[in-house]
Structures are given as structure tokens and as C-alpha cells.
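**Student:** I'd like to ask you about the structure that follows.
The values are calculated or read from the model by the stated rules, or taken from the named source; none is laboratory data. From a predicted model like this one, the values you see are computed outputs, not experimental measurements. When we count neighbours, we look across all protein chains shown, and the Cβ atoms used for this are built from the backbone with ideal geometry, even at glycine.
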Amino acid sequence: MQDHRAFLVSLFDAAVEAANPDQCLRAFLPEVPLGRTIVVGAGKGSAQLARALEKLWPGTLEGAIVTRYGYGTACDHIEVLEASHPVPDEAGLLASERMLELVSDLTAEDLVIALVCGGGSALLPAPPEGFDLADEIALNEALLKSGAPISAMNSIRKQFSRIKGGRLAAAAHPAKVVSLVVSDIPGDDASLVSSGPTIPSVSTPQDGLAMIDRYGIELPPHIVDHLRSTKPAPLPDDPVFEGNEVHVVASAKVSLEAASAASEKAGIPAVILSDSLEGEAREAGAFHAALAREIESNARPFQRPVVLLSGGETTVTVKGKGKGGRNTEFLLSLALSISSTEGVHALAADTDGIDGSEDNAGAFVDGSSIDRMLDRGVRAEDHLINNDAWTAFEAVGDLFVCGPTGTNVNDFRAILVL
């Protein structure tokens, strides 16, 4: 078992290393401007991006980024702020104001470099005039429980903000803004990463309202009323964005290709199923399990041995009161479907190092997982119903804890079928 797990971890490590800021930023650096270089940024890997930029940048720079509590790293010239994720707090409000302050009163000779990665939506609360932090918290809590995909959630968030949806870049005009984005969005739409603070929105408040109806998201009435009456975030044809640049510097696609290459090097063929998987985590787990069983039993559609790789971001419609995240929920569903199946081993984890609200990135499963849980008095079915996958995996010591990775290209799933 330990050899199988070590192999799966090596694939995770390869995926994370492919998104290492020291490697992925170099090719996308803009020219040093005549004026000032201001750095802003947000996300769970933004501090590591800032540190890498300091090493690579040939001129002087200043600025600030905001990351999750415990995810900071020392920088020489860029302030590293920390705030709450996934639910915003007062520190996030102050960070948003600091970003807006930094880009004010710039000239056409100045340059803004925006370091954007997943997690920034919660780290940059800036509710519209007439609203407060409590409203932003209510919005985020409703979205997190809804089961809506990240693209839908961020389409709504950017319409309820003074900084998201390209508004931070608009505030920096006439300075040029170059956004360097580590994508955690299926399909790599950079305008949706962290709700696009420096990238113009292609969606409108009406689109946000349609998402609310489609996914049955229960928001406070006064927030819905605001979305019905507010002006849209600035659109891509707005002159304030003229001359700006956007570069996706790392993504799930590149990271999965790196994991596939590592598996092939170890002598085990790999298949990338998708780099943009979405949908309910437990349903995705059941599908992956069915595919693994078919390979294990009938050698189709792929021959054994093989590693099945997938990325993207599943969702969890929260109905219970347990602990967990989308990767552990995916795995608990998978474990139930492969129970007593020999030759199937899996790891699913968030590439930022945190799955849900606890300190684990994900967990491991194999055909013995459910029986080992039962030996500890844990009924996996009950824990799945209660959205309590973390507790089930913690009981058998199968949580995967790696700590903050310094990047975020969304979820990583690897299933080894022998």
C-alpha cells in the first residue's frame, strides 16, 4: 500500500512542480517601465508568485498581495497580507482597500503587475456602496453551500464588488496592467480566476441572476435587488483596458501533462480523462469508480496497468453538517464503489494543499478503505450523506496532508489500476 501511495504522491508532486512560480513566471515578464512598477495580487499562491517575481524582476518594484492565513512567505519589497478563506473577514477588507490605494494616481508611464491565482474571491471582499462585510459573508456562504460550479459563483461575485470584475485594473488606468494568472478555473477563463480583479468581465448582472435561478442559490433579498439594479462590471471593450495584457502562466492542463509524463517515466501508462471536470463530487467519484472497475475486470477501455488522471473542480451541495471538502467527498463515493476491489488505488487532492476547511489536501483510497472504516465503527454511507468525509478518512489515517504548496491549479485526481 505504501509503495502505491508513494507513487501517487510522486504524480501529485510533479503536477505541483509544473506550476512552480519560479518556473512559470519567467517567460511572461513585461518590459521594465519608465515609471513605477506596482505589484498587486490575491490568491492562495500569491505570496510565492510575489517572491518569484522579486527574484526575476530586473528593476525596482513595490506593492502588496493578499493570501490565506498561514500561506504567506517573506518578500523583500512586496507586502504580504493575510486574510480569511473561504469566508471573508475584516483583514480581507483592509487588503482590498490597500490594493485600490496602490493603483490610484498612476500615470501612463507606470506598470501594474497583477499576480492572480485561485482563492482571491474570498480574500478580496469589497462590497458595493451601501453594503458591508456581513453582506459579503452572506453571499459567500450561500455560494459555497449551493453546489454551483466555480465559474457560476465567480460570475455572481464580480457583480457584487468594488474591486472584482476588472474594477481594480480600471482604477489603475492609465497605467498598463499585466495580469499573470495561475488558473484554477475549468477551461482556463482568466476573467473568472479570483473573480478577475484586473481582467474585464464578459458577464453581466443579468447573467449572475440567471445563475442564481439555475442553481437555486438562496441569497438575501437585498443582495438580489442590488444585482437587479446595478450597472455591470466594465466590459472588455472599455477604453480603460486598452493595452493591458493577460497571460495564463500555469494551469491544470500543463500540470496533468507533467503528472502523465512522470507516470510514463515510471513505466505505467497514463490517460488524462479531462483537465476541466465539473459536477457533484460524489457523482464524479462514482463514475471514476465504474471506469476503474471496468478496466480492472475487463481491460477496457484501457489495458492494465494504467493511471487515470483528471483535473478541474467538482462541487459539493452541502446538506449535512460534517467536515470535508470536494476531494474527500469524491474519494468517499469512489471508495464505496470499489469496496473489496483489488488493484485500485487513488489519490485526490487540491493542488493548493487544502481541501475544504481542514488541514488536509485530500486523501487516499483503495479496495480496503470501507472495511477498514467499518473496523473503526465508521459507516461510510452515513458520512457521505452528512458531508463528513474528512472524519471517515481521519479515522483510518488515510488523509493526505502536504501543507501549502505555493500554487493552485485546482484539483488533482489519480487512480492507479493494476
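**Student:** If you go through region 228-284, how many residues are more than 15 Å from residue 170 (Cα to Cα), assigned by TED's automatic domain parsing to the domain that holds residue 188 and surrounded by fewer than 14 Cβ atoms within 10 Å (Cβ to Cβ)?
**Tutor:** Qualifying residue count, region 228-284: 2.
**Student:** Right, here's the next one. Can you list the helices (runs of 4 or more DSSP H) lying wholly within region 91-198 that have 1 or more residues being closer than 20 Å to residue 30 by Cα?
**Tutor:** Correct list: 167-172.
**Student:** May I pose another question? Look at residue 39 and say whether it is of a type in the set (Val, Ile, Thr) and assigned to a loop (DSSP other than H, G, I, E, B).
**Tutor:** No: the conditions fail for residue 39.
**Student:** Another one. In region 366-380, which residues are in a loop (DSSP other than H, G, I, E, B) and either at pLDDT below 95 or within 23 Å of residue 418 (Cα to Cα) (or both)?
**Tutor:** Answer for region 366-380, where residues must be in a loop (DSSP other than H, G, I, E, B) and either at pLDDT below 95 or within 23 Å of residue 418 (Cα to Cα) (or both): 367, 368.
**Student:** Please give the number of the condition residue 360 fails out of (1) of a type outside the set (A, V, I, L, M, F, W, C); (2) closer than 21 Å to residue 262 by Cβ; (3) touching a Leu at 6+ places or on another chain (Cβ under 6 Å).
**Tutor:** (2)
**Student:** In this structure, does residue 130 turn out to be buried (at least 17 other Cβ atoms within 10 Å of the Cβ) and at positive phi?
**Tutor:** Numbers: buried (at least 17 other Cβ atoms within 10 Å of the Cβ): no; at positive phi: yes.
Taking the combined requirement at face value, the residue does not satisfy it.
**Student:** Let me ask something else. Can you confirm whether region 44-59 contains a residue that is in contact (Cβ under 8 Å) with a residue 60 or more places away in the chain, in a helix (DSSP H, G or I), among the polar types (S, T, N, Q) and assigned by TED's automatic domain parsing to the domain that holds residue 139?
**Tutor:** Checked region 44-59: at least one residue is in contact (Cβ under 8 Å) with a residue 60 or more places away in the chain, in a helix (DSSP H, G or I), among the polar types (S, T, N, Q) and assigned by TED's automatic domain parsing to the domain that holds residue 139.
**Student:** Tell me which of these residue 355 doesn't satisfy, since it passes every other one: (1) at pLDDT 95 or above; (2) among the charged types (D, E, K, R); (3) touching a Lys or Arg at 6+ places or on another chain (Cβ under 8 Å).
**Tutor:** (1)
**Student:** Let me ask you something else. Tell me which residues, restricted to region 323-369, are under 13 Å from residue 391 (Cα atoms), surrounded by fewer than 21 Cβ atoms within 10 Å (Cβ to Cβ) and charged (D, E, K, R).
**Tutor:** Once the filter is applied, which keeps residues that are under 13 Å from residue 391 (Cα atoms), surrounded by fewer than 21 Cβ atoms within 10 Å (Cβ to Cβ) and charged (D, E, K, R), region 323-369 yields 323, 358, 359.
**Student:** From (1) over 17 Å from the mean Cα position of the chain (by Cα); (2) surrounded by 16 or more Cβ atoms within 10 Å (Cβ to Cβ); (3) of a type outside the set (Gly, Ala, Ser), pick out the condition that doesn't hold for residue 86.
**Tutor:** If we test residue 86 against (1) over 17 Å from the mean Cα position of the chain (by Cα); (2) surrounded by 16 or more Cβ atoms within 10 Å (Cβ to Cβ); (3) of a type outside the set (Gly, Ala, Ser), just (1) comes out false.
**Student:** Let me ask you something else. Out of all the residues in region 41-87, which are of a type in the set (S, T, N, Q) and touching an Asp or Glu at 6+ places or on another chain (Cβ under 9 Å)?
**Tutor:** 48, 67, 84
**Student:** Please state which one of 347, 332 is part of a strand (DSSP E or B), in contact (Cβ under 8 Å) with a residue 40 or more places away in the chain and among the hydrophobic types (A, V, I, L, M, F, W, C).
**Tutor:** The unique qualifying residue is 347.
**Student:** When region 106-122 is examined, which residues are found to be under 20 Å from residue 62 (Cα atoms) and buried (at least 24 other Cβ atoms within 10 Å of the Cβ)?
**Tutor:** Those that are under 20 Å from residue 62 (Cα atoms) and buried (at least 24 other Cβ atoms within 10 Å of the Cβ): 112, 113, 114, 115, 116, 117, 120.
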